[in-house]
Amino acid sequence: MNIPDDALQALLRPALLGRAGLTRQRVIYLTLRDAILSGTLKAYSLLPGSRVLARELGISRNTINAALEQLTIEGFVVRERQGTRVLMLASAPVVDQTPLVSLANRVQG
């Protein structure tokens, strides 16, 4: 399943306009990540190419690639020769809900 260029632009443009001091890279990353987590961007969907996104959004291709690379590192997407594809997410607990690890007494003192 491919995501139409205009649908992704409709998702990214408002976020970029109201970015509230965040970098464009961070806004793109957060918007895509949230869209993946919410199910707006479905698993196995193919995103438009970085050249297309950069041209249509009027921003640097390096900015797009940096955001996509961060999503790749975190396991939200995979970048292949055919393009960038949304990955199926495992139903793992959210990182913020993991218990804190305390140091042993001999290490603390």
Q) When segment 44-76 is examined, which residues are found to be in contact with an Asp or Glu (Cβ under 8 Å, 6 or more places away or on another chain) and not hydrophobic (A, V, I, L, M, F, W, C)? A) P48, E56
Q | Any hit, segment 1-20, residues being among the small types (G, A, S), free of Cβ contacts under 8 Å to residues at least 12 places away in the same chain and open to solvent by 80 Å² or more (accessible area, probe 1.4 Å) | A | yes
Q.
Just checking, does segment 81-92 include any residue being outside any loop (DSSP other than H, G, I, E, B) and at pLDDT below 90?
A. yes
Q: Quickly run through segment 41-56 and pick out the residues that are in contact with a helix residue (DSSP H, G or I) (Cβ under 7 Å, 6 or more places away or on another chain) and either surrounded by fewer than 18 Cβ atoms within 10 Å (Cβ to Cβ) or without any contact (Cβ under 8 Å) to a residue 12 or more places away in the chain (or both).
A: R51, V52, A54, E56
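The values are calculated or read from the model by the stated rules, or taken from the named source; none is laboratory data. It should be emphasised that the depicted structure is a prediction, and the values quoted were computed from it without experimental measurement. Don't worry about glycine lacking a Cβ; one is built from the backbone with ideal geometry, like all the others, and counts go over all protein chains shown. Accessible surface is based on the protein model in full, side chains and every heavy atom, while ligands, DNA and RNA are left aside. Shrake-Rupley method; radii C 1.70, N 1.55, O 1.52, S 1.80 Å.
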